[in-house]
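Taking it in order: structure first as structure tokens, then the write-up.
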Amino acid sequence: MMRLEVTENGASLQSFFSVTESDLSKGLTDKVLANAARSDTKELAEWAGSAKWSGMATDLGHHLTGFLQGNTVDIFAGAWAKCTELKQCLEESRTHPSDTTSVVLTDHDFTYELKPAVDILVDGVRLGAIPFGVTLTCQVSALELQVRGGAISGVRAGSADGAAEVTCAANTIWHRDLAHVKLPGALQFKNPIRL
């Protein structure tokens, strides 16, 4: 289930996805890791084929959750920053900083992608990297934002659907449909979003 947590710094992507280090490690099977190693360098492929590193999946899952610590609010702000009408309203709200204005955005979809990689070092020598992909797709409907003093201060209404996926090379290691969420009325951000 998708949760939108409003905290001092916003919810992390890991929290938003409701994914654990263990969830990610489970998808990193020997076959997936061998395919990922073959997609990089010959040295890494040879090493991965002969290595007896039983904790590789766990260690890589740990590194991967580190990449999921970005602020979810920043992802939504990045999508909203492309909306010309919203930017105009934000600019106008700077001239009347004590007034709150509602801005209704048309239904919109957006995709957020992250492509991290974990370097594999053996005795201090880099053999290659294991590539990952993180994708969030969202469909947002009837979104009404509150704008005040040049920033988005809250969400009055709207709904969102989406999906999250994590890949290793070309293999999906974790996927979750994010349940339909009706955004609550009068959701206020502790730190207004500045675009």
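The values are calculated or read from the model by the stated rules, or taken from the named source; none is laboratory data. Quick caveat: nothing in here was measured; it's all calculated off a predicted structure. Counting neighbours? That spans all protein chains shown, and the Cβs are built from the backbone with ideal geometry, glycine included.
The residues of the stretch 59-104 that are of a type in the set (Lys, Arg) and under 25 Å from Val140 (Cα atoms), listed by number, are Lys82, Lys87. Hey, any hits in the stretch 52-66 for a residue that's small (Gly, Ala, Ser), free of Cβ contacts under 8 Å to residues at least 24 places away in the same chain and surrounded by 13 or more Cβ atoms within 10 Å (Cβ to Cβ)? Scanning the stretch 52-66 turns up no residue that is small (Gly, Ala, Ser), free of Cβ contacts under 8 Å to residues at least 24 places away in the same chain and surrounded by 13 or more Cβ atoms within 10 Å (Cβ to Cβ). Restricting the first member to the stretch 124-142 and to residues that are farther than 28 Å from Asp30 by Cα, and the second to residues that are assigned to a loop (DSSP other than H, G, I, E, B), the beta-carbon pairs closer than 6 Å and six or more apart or on different chains are Ser141/Asp107.
Entry remark, the stretch 144-171: residues being of a type outside the set (Val, Ile, Thr), touching a helix residue (DSSP H, G or I) at 6+ places or on another chain (Cβ under 8 Å) and closer than 30 Å to Asn35 by Cα number 5 in total. Within the stretch 68-87, the residues that satisfy the criterion of being out of contact with any strand residue (DSSP E or B) (no Cβ under 9 Å at 6 or more places or on another chain) and within 11 Å of Leu195 (Cα to Cα) are Ala81, Lys87. Filtering the stretch 102-121 to residues that are touching a Lys or Arg at 6+ places or on another chain (Cβ under 8 Å), over 26 Å from Gln14 (Cβ atoms) and surrounded by 14 or more Cβ atoms within 10 Å (Cβ to Cβ) leaves nothing.
A Cβ distance below 6 Å, combined with a sequence gap of six or more or placement on separate chains, defines the contacts here; from the stretch 143-158, residues that are touching a residue at least 60 places away in the same chain (Cβ under 8 Å) and on the phi > 0 side of the Ramachandran plot reach residues that are polar (S, T, N, Q) and buried (at least 20 other Cβ atoms within 10 Å of the Cβ) in the pairs Gly150/Ser93. A count restricted to the stretch 89-121 and to residues that are in a strand (DSSP E or B) and without any contact (Cβ under 8 Å) to a residue 12 or more places away in the chain stands at 2. In summary, helices (runs of 4 or more DSSP H) completely within the stretch 16-88 and bearing 1 or more residues that are at pLDDT 90 or above and closer than 24 Å to Thr135 by Cβ occur at 21-27, 30-38, 56-66. Condition check for His96 on (1) of a type outside the set (D, E, K, R); (2) more than 30 Å from Lys42 (Cα to Cα); (3) in contact with a strand residue (DSSP E or B) (Cβ under 7 Å, 6 or more places away or on another chain): one failure, at (3).
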